There are 2 protein chains.
Amino acid sequence: MTAAEPTGDELVEMLAALANPLRLRIVATLAGGRDYVSHLAREIGVSRPLLHMHLRRLEAAGLVTGTLELSDDGKAMKYYEVTGFDLRLTAPALAEAAKTLTRPDPEQGPGSKEHS
Amino acid sequence: MTAAEPTGDELVEMLAALANPLRLRIVATLAGGRDYVSHLAREIGVSRPLLHMHLRRLEAAGLVTGTLELSDDGKAMKYYEVTGFDLRLTAPALAEAAKTLTRPDPEQGPGSKEHS
DNA sequence: CCATCCTGTAAACACTTCGTTACAGGTGTA
DNA sequence: TACACCTGTAACGAAGTGTTTACAGGATGG
């Protein structure tokens, strides 16, 4: 497997996703086995809408994946599980990743607010 | 040396410090050698006050260290350099770190806004 | 039909973060 | 004196983030 190194932008997104106590706990809990949203919310002790938002961020960063499945009694249940990520954070590694950063300063889409 | 694993809270702080394009670039630049604030600001292309703020965050997270030195012509110059951090981010490692999390939900200081 | 379980999303608010501008001081040199 | 460096910090606005509450639907079982 040996996942390819992420780009600078992807790395920032991953780090931002993990840089939150609640999201860190979500990943930690999922590391113990897959689970569906409502149950996971009860397990951790947060509201479902809140968990839903955090899971979206974690999934966007590629740290977890969700699959919609049907239970025996026909309910639609979304199961999440952790991906096999493996990041190494050292100064040289970060220097390498920084080479592929595309947004050093917040630049928005073209044609929005050009001055003279 | 083999730095001891940080606590969950410390890990979150480190990740939050690195989860920013500009700060990532700062660490990347310092990985190439120590530098003082004003020069580093010109190098990267940001204002000094802004760089100052980011350096404080990086230092608070233990990723860089700053030392105030006197140059040959007597100017006070603050040199920053990266520390020898080495973090491994995997699901099991995060699960281990999450055990030492002390702030699952944002709790602010006491006596601020108690209701009846 | 009503209750209970699952999903998703939008509105509103508090709070933090990011960035600029402006100011404070220090030293050494023309 | 004025200028060119260096440091630090406070004030302010813009933008992003985290959280709650409320609402939308679909499927099963009494």
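The values are calculated or read from the model by the stated rules, or taken from the named source; none is laboratory data. Since the model is a prediction, treat every value here as computed from it, not as a measurement. Ideal geometry is used to build each Cβ from the backbone, glycine not excepted, and the neighbour counts take in all protein chains shown. For the accessible areas, the whole protein counts, side chains as well, though only heavy atoms, and no ligand, DNA or RNA atoms are used. Shrake-Rupley method; radii C 1.70, N 1.55, O 1.52, S 1.80 Å.
General remarks:
- For chain B, the longest site-free run once GluC sites (Glu not before Pro) in DSSP loop states with at most 11 other Cβ atoms within 10 Å are removed: B:1-106
- A Cα-only calculation for segment B:8-96 places Rg and Dmax at 14.4, 52 Å.
- Per residue of A:6-13, other chain Cβ atoms within 10 Å of the residue Cβ number 2 on average.
- Label sites at A:R34 and A:T90, each approximated as a point 7 angstrom past Cα along Cα to Cβ, lie 3.5 nm apart.
- Under the convention that each Lys and Arg Cβ holds +1 and each Asp and Glu Cβ holds -1, the size of the dipole of segment B:1-46 around its Cα centre is about 320 debye.
- The share of accessible area on the protein assembly as shown that comes from carbon and sulfur is 52 percent, using a 1.4 angstrom probe.
- Cα gyration tensor shape of the protein assembly as shown, rounded if a/c is under 1.5, else prolate or oblate by comparing a/b with b/c: prolate
- Each copy carries A:E43; placing its label point 7 Å along the C-beta direction from Cα gives inter-copy distances of 4.5 nm, listed from smallest up.
- Summary for A:E10: label point 7 Å along Cα→Cβ; distances to the equivalent points in the other copies, ascending, 3.0 nm.
- 10 Å Cβ shell holding at most 16 others, DSSP loop, trypsin sites (Lys or Arg not before Pro): longest site-free stretch of chain B: B:35-74
- Applying 1/(1 + (r/R0)^6) with R0 = 45 Å to the Cβ-Cβ distance of B:E81 and A:E59 gives a FRET efficiency near 0.75.
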